Amino acid sequence: TYFETVRRIIREVAPKQLYLGCRFAWVNRIAAAAAARHCDVISINCYDLDPGRTVDAYKGTQKPCLIGEFSFRSSDSGLPNTNGAGPLVTTQAERAAAYRRYVAAALSQPAIVGLHWFEHADQPAEGRFDGENSNFGVVTINDEVYEELMQTMKSVNAEAETIHMSAGRTS
């Protein structure tokens with residue numbers, strides 16, 4: 001009823017817009033099936049090192065998938081990293097490598113139509129409003145760029161269309 005009602009209202013006020021539904025924070029096949037009957041895209045968060053298993057769990061919806069949040073934190077950032085989702089790696093180099101593997105794996109899934117890094121700037125060491133105090137940023141809280149991560153993002157993003165175009169194809 002929720003997805004049906006929201007879709008009806010969106011179609012009334014913005015008939016040409018995609019309905020992304022809600023963003024699932026974990027795999028819920030029953031809710032995803034309900035959403036798929038009314039949504040144009042299934043939106044999910046996936047803080048695993050490899051998104052494949054999570055994306056596979058939503059394949060049964062036969063809808064495009066959008067990863068609304070993913071990220072990796074590094075213990076060499078100087079931040080506590082005690083509150084916040086996702087894997088903790090040792091170095092910024094490992095963080096950049098994890099980004100490369102994750103995005104390549106996600107783009108290799110034909111159902112993926114987009115993915116969003118969480119977030120632009122690190123969180124404060126003393127914690128934000130909900131206590132998260134982690135190294136999620138592309139930049140520090142002082143706007144200093146994590147250069148290796150940034151360069152990796154630029155490189156992978158330049159390859160994104162090619163990776164995705166070959167998704168699901170066999171030689």
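Mind checking which residues of the stretch 88-124 are in a loop (DSSP other than H, G, I, E, B), touching a residue at least 24 places away in the same chain (Cβ under 8 Å) and within 19 Å of Gly137 (Cα to Cα)? Walk me through how you get there before you give the answer.
Of the residues in the stretch 88-124, the ones in a loop (DSSP other than H, G, I, E, B) are 90-91, 108-111, 118-120, 122-124.
The next check asks that each one be touching a residue at least 24 places away in the same chain (Cβ under 8 Å); those that pass are 108-111, 118-119, 122-123.
Residues satisfying the conditions are Phe118, Glu119, Asp122, Gln123.
What about Thr5, is it open to solvent by less than 60 Å² (accessible area, probe 1.4 Å), hydroxyl-bearing (Ser, Thr, Tyr) and either over 26 Å from Ser155 (Cα atoms) or touching a helix residue (DSSP H, G or I) at 6+ places or on another chain (Cβ under 6 Å) (or both)? Please lay out each step first, then the result.
Numbers: open to solvent by less than 60 Å² (accessible area, probe 1.4 Å): yes; hydroxyl-bearing (Ser, Thr, Tyr): yes; either over 26 Å from Ser155 (Cα atoms) or touching a helix residue (DSSP H, G or I) at 6+ places or on another chain (Cβ under 6 Å) (or both): yes.
Yes; evaluated as a whole, the condition is true for this residue.
Within the stretch 64-85, identify whether any single residue is touching a Cys at 6+ places or on another chain (Cβ under 7 Å), part of a strand (DSSP E or B) and either modelled with pLDDT of 95 or more or under 30 Å from Ser134 (Cα atoms) (or both), and answer yes or no.
Here is the first cut: in the stretch 64-85, the ones touching a Cys at 6+ places or on another chain (Cβ under 7 Å) are 67, 70.
From what's left, part of a strand (DSSP E or B): 67, 70.
Cutting the leftovers down to either modelled with pLDDT of 95 or more or under 30 Å from Ser134 (Cα atoms) (or both) gives us 67, 70.
Within the stretch 64-85, one or more residues are touching a Cys at 6+ places or on another chain (Cβ under 7 Å), part of a strand (DSSP E or B) and either modelled with pLDDT of 95 or more or under 30 Å from Ser134 (Cα atoms) (or both).
Examine the stretch 29-36 for a residue that is at positive phi, more than 18 Å from the chain's Cα centre (by Cα) and at pLDDT 95 or above, and state whether such a residue exists. Quick ask: steps written out before the conclusion?
The initial filter retains those residues of the stretch 29-36 that are at positive phi, namely none.
Scanning the stretch 29-36, I find no residue that is at positive phi, more than 18 Å from the chain's Cα centre (by Cα) and at pLDDT 95 or above, so the answer is no.
Could you check the stretch 23-32 and list, in sequence order, the residues that are within 30 Å of Asn133 (Cβ to Cβ) and surrounded by 19 or more Cβ atoms within 10 Å (Cβ to Cβ)? Spell out how you get there, then give the answer.
Going through the stretch 23-32, the residues within 30 Å of Asn133 (Cβ to Cβ) turn out to be 23-28.
Phe24, the sole residue that qualifies.
Residue under question is Phe118, and the condition is that it be under 13 Å from the mean Cα position of the chain (by Cα) and farther than 16 Å from Thr54 by Cβ; does it hold?
Working: under 13 Å from the mean Cα position of the chain (by Cα): yes; farther than 16 Å from Thr54 by Cβ: no.
For Phe118, the condition - under 13 Å from the mean Cα position of the chain (by Cα) and farther than 16 Å from Thr54 by Cβ - is not met.
For Leu20, indicate whether it is open to solvent by 50 Å² or more (accessible area, probe 1.4 Å), of a type outside the set (S, T, N, Q) and within 21 Å of Ala167 (Cβ to Cβ). Talk me through it step by step, then tell me what you get.
Working: open to solvent by 50 Å² or more (accessible area, probe 1.4 Å): yes; of a type outside the set (S, T, N, Q): yes; within 21 Å of Ala167 (Cβ to Cβ): yes.
So Leu20 passes the test.
Going through the stretch 33-56 one residue at a time, which ones are surrounded by fewer than 18 Cβ atoms within 10 Å (Cβ to Cβ) and assigned to a helix (DSSP H, G or I)?
Ala33, Ala34, Gly52, Arg53, Asp56
Take the residues in the stretch 125-164 that are in contact (Cβ under 8 Å) with a residue 12 or more places away in the chain, of a type in the set (Asp, Glu) and part of a loop (DSSP other than H, G, I, E, B); name whichever of them is most open to solvent (accessible area, probe 1.4 Å).
It comes out as Asp143.
The values are calculated or read from the model by the stated rules, or taken from the named source; none is laboratory data. On a predicted model such as this, the values are computed, not experimentally measured, just so you know. Glycine also receives a Cβ, built like all others from the backbone with ideal geometry; neighbour counts cover every protein chain displayed. Just so you know, the surface numbers come from the protein's heavy atoms only, side chains and all, with ligands and any DNA or RNA stripped out. Shrake-Rupley method; radii C 1.70, N 1.55, O 1.52, S 1.80 Å.
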